[in-house]
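Here the structure is laid out as structure tokens; the discussion comes afterwards.
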Amino acid sequence: MSVLGIDEITFGAADLAKCRQFFSDWGLHLVAEEPQELVFESLNGCRVKVAHSDKPGLPAGIEADPTLREVVWAVGSIAELEALRTRLAGQPGYVDDGQRIGCTDPNGLAVRVQVTRKRVLDLPCAQTNTWATRGRVNQPSPAYDRATPVEVGHVVFFVKDLAATTAFYEQHLGFVVSDRYPGRGHFMRCAPEGGHHDLFLLQLPEPRAGLNHVAFTVRDLHEVIGGGMHMSRCGWSTELGPGRHPISSALFWYFISPAGALVEYYTDEDELTADWQPRDFTPGPTVFAEWAIKGGIDGQTRRQVNADAPSGRFMTDRPKD
């Protein structure tokens with residue numbers, strides 16, 4: 001039994017109009033709209049819901065809205081869902097409607113599991129020419145005017161009890177620790193073989209429960225850049241990026257979200273197998289980002305925010321001293 005990844009997430013928020021605009025600009029497709037709920041889809045059918053904070057039946061939040069209220073994980077078959085039904089039965093907040101089962105994790109988050117509704121995609125992606133491998137021949141790399149995220153790739157939470165929350169995901173959902181900030185954070189993947197992390201749990205010096213960010217997978221670095229510059233042109237604020245995480249190797253760009261905390265475009269994370277041995281890191285700015293641009297890139301000038309616009313001259317076209 002292996003969890004395949006995230007199938008659906010639900011935010012709780014008060015300003016649905018602002019969230020509608022934000023996630024439309026982000027590149028998600030609005031598939032349903034009601035007075036108290038918006039439903040978006042990514043390219044592969046991963047769903048992002050934004051429900052009004054007052055909507056009846058919305059799971060309790062782990063912090064004040066806006067925040068993430070529910071995460072739905074995917075399995076590949078009914079048989080695998082049945083196996084998890086046995087594992088989760090008896091857990092706090094257990095629910096079972098026949099198609100979806102779930103409970104409340106030790107951090108207070110509503111966790112659900114269902115047979116995946118995501119579509120298998122065959123997407124063209126940029127090839128990178130290195131000294132050793134020349135995969136892109138007679139073909140320029142792509143450029144994107146905006147991003148269309150493939151799926152929700154991972155979620156990151158602040159937790160009150162790192163050990164208890166980690167044990168829950170290991171014992172009940174089969175997650176595996178990829179890397180660690182000892183006593184402070186655990187990067188976890190759904191199965192022994194997969195991307196570097198689907199879930200990252202962080203315990204602050206003064207522990208609390210809360211959302212850190214939601215990350216959306218895109219095809220390649222060029223889509224991270226094109227998506228980020230489109231968001232900048234639309235007036236949304238960068239928290240950090242573009243940049244690169246040395247722990248997972250992923251390239252990123254973070255934006256402040258009206259649905260709560262941050263959202264991230266990312267690509268090119270490490271692929272791991274059961275042979276991988278978790279590493280220990282000390283948290284710090286250079287561990288978080290090998291390099292990063294504070295404030296982002298302006299979508300109009302295509303330079304760092306608040307930098308001078310390009311003049312059209314060659315960089316060396318200036319008088320010598």
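Key figures
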item: Rounded to the nearest 20 debye, dipole of the chain from Cβ charges on Lys, Arg, Asp, Glu; result: 620 debye
item: Charge dipole magnitude, Cβ of K and R +1, D and E -1 - the range 50-199, Cα centre, debye nearest 20; result: 360 debye
item: ³J(HN,Hα), Karplus 6.51/-1.76/1.60, whole Hz, each residue of the range 74-80, x for Gly, Pro; result: 10, 10, x, 7, 5, 4, 5
item: Square roots of 5 times each gyration tensor eigenvalue, C-alpha, the chain, largest first, Å; result: 34, 23, 20
item: Antiparallel content of DSSP bridges confined to the range 1-154, in %, to 5; result: 70 percent
item: Signed unit charges on C-beta, dipole axis of the range 107-234, positive-most listed residue P192, V155, V224; result: V224
item: Within the range 48-104: Cβ-based charge dipole about Cα centre, in debye rounded to nearest 20 (Lys, Arg +1; Asp, Glu -1); result: 60 debye
item: Mean ellipticity per residue at 222 nm, deg cm²/dmol - from DSSP H runs of n ≥ 4 across the chain, formula -39500 (n - 2.57); result: -4500 deg cm²/dmol
item: Loop GluC sites (Glu not before Pro), the range 213-290, which have at most 16 other Cβ atoms in a 10 Å radius of their Cβ (DSSP); result: E290
item: Sorted by Cβ density within 10 Å, fewest first, the residues Y265, Y181, Y94; result: Y94, Y181, Y265
item: Qualifying trypsin sites (Lys or Arg not before Pro) in the range 171-230, DSSP loop, other Cβ atoms within 10 Å at most 15; result: R184, R208
item: Cβ-based net charge around R233, under 11 Å, with every Lys or Arg adding one and every Asp or Glu removing one; result: -1
item: Summed side-chain charge close to Y254 - residues other than Y254 whose Cβ falls under 14 Å, Lys, Arg +1, Asp, Glu -1; result: 0
item: Percent antiparallel among DSSP beta bridges (both partners in the chain, rounded to 5); result: 70 percent
item: J(HN,Hα) series, the range 184-194, from Karplus relation 6.51 cos²θ - 1.76 cosθ + 1.60, nearest Hz, glycine and proline x; result: 10, x, 10, 7, 10, 10, 5, 8, x, 10, x
item: Filtered trypsin sites (Lys or Arg not before Pro), the range 86-138: DSSP coil and at most 12 other beta carbons within 10 Å; result: R119, R136
item: The range 95-168: Cα Rg divided by the 2.2 N^0.38 Å rule of thumb; result: 1.79
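Since every read-out is calculated from the coordinates, none of them should be taken as a lab result. Worth saying up front: this structure is predicted, and the values here are computed from it rather than measured. Neighbour counts run over all protein chains shown; Cβ positions are idealised from the backbone, glycine included.
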